[in-house]
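Peer 1: Sharing a structure below in structure tokens format, with a few things to ask.
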Amino acid sequence: MAQEQRRWAQAEDYYQKALALCIEFNDRYSQASTYHQLGRVAQEQRRWEQALDYYLKALPIYVEFNDEVTLDIVLRTASPDSGRPARIPTCPPPWGLC
């Protein structure tokens with residue numbers, strides 16, 4: 001809700017609290033989703049480096065779960081067409097990223 005209302009600091013705070021719980025309970029998939037949302041919040045604020053950092057934390061977890069659909073969404077969100085230069089590292093197939 002805070003993110004939809006563009007209350008970025010509050011949204012980031014909520015996501016950080018959620019992330020702490022995901023890590024505490026070892027909920028890796030929710031952890032990836034939360035990193036992705038934190039990346040979107042940072043990107044909306046034009047904090048490109050922070051957004052990229054969060055996206056790069058989400059990617060290997062989505063790879064771990066073989067979630068190609070969400071992986072594609074994160075990659076498109078972090079692409080140069082999203083309004084900032086992307087620097088996604090590469091790694092071996094099948095995904096070509098880390």
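Read-outs: derived from the displayed coordinates by stated rules, not from any lab. Everything numeric here is computed off the predicted structure, so don't read it as measured data. A quick note on method: Cβ atoms are made from the backbone with ideal geometry, for glycine too, and the neighbour counts reach across all protein chains shown.
Peer 1: Could you list, in sequence order, the residues of the range 36-54 that are crowded, with 23+ Cβ neighbours inside 10 Å and among the aromatic types (Phe, Trp, Tyr)?
Peer 2: 54
Peer 1: Residues that are touching a residue at least 12 places away in the same chain (Cβ under 8 Å) and small (Gly, Ala, Ser): find the helices (runs of 4 or more DSSP H) completely inside the range 1-75 holding 3 or more of those.
Peer 2: Output list reads 28-44.
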